[in-house]
1. Quick one: is Phe13 among the aromatic types (Phe, Trp, Tyr), modelled with pLDDT of 80 or more and farther than 21 Å from Arg77 by Cα?
2. Looking at (1) surrounded by 14 or more Cβ atoms within 10 Å (Cβ to Cβ); (2) at pLDDT below 85; (3) within 16 Å of the chain's Cα centre (by Cα), which one does Thr34 not meet, given that it meets all the others?
3. Within the group Asp2, Asp27, which residue is of a type in the set (Asp, Glu), modelled with pLDDT under 90 and surrounded by 10 or more Cβ atoms within 10 Å (Cβ to Cβ)?
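The values are calculated or read from the model by the stated rules, or taken from the named source; none is laboratory data. Only a predicted model underlies this, so the values are computations on that prediction, with no experimental measurement involved. Because the Cβ atoms are built from the backbone with ideal geometry, glycine has one as well, and the counts that use them run over all protein chains shown.
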Amino acid sequence: MDAAQRKAQHRPFCFSVKGHVKMLRLDIINSLVTTVFLVIVSVLALIPETTTLIVIGGAFGFLAAVACLADGALIYRKLLFNPSGPYQKKTVRK
């Protein structure tokens, strides 16, 4: 009986509410690291010889960095307004 209760209470990490919050925090960190990496690569791509295609590639790199930064900001805002997770159980009061 004790083992059955432990199995019923055990949920995988990704299916728990705290797991979702932790994954969203990791997504914010991932977005910021990706943004820094893309900016560095874009700047280094523009430093040597600048041809039209290299400039276009650098511009797309900066555009991707802005998209990653916006992704991190939106997820941070989502966590700021709902810090307990996306599936918070609310009690109904009568």
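1. Values: among the aromatic types (Phe, Trp, Tyr): yes; modelled with pLDDT of 80 or more: no; farther than 21 Å from Arg77 by Cα: yes.
Spelling it out, it is not the case that Phe13 is among the aromatic types (Phe, Trp, Tyr), modelled with pLDDT of 80 or more and farther than 21 Å from Arg77 by Cα.
2. (2)
3. Values: Asp2 fails: surrounded by 10 or more Cβ atoms within 10 Å (Cβ to Cβ).
Only one candidate qualifies: Asp27.
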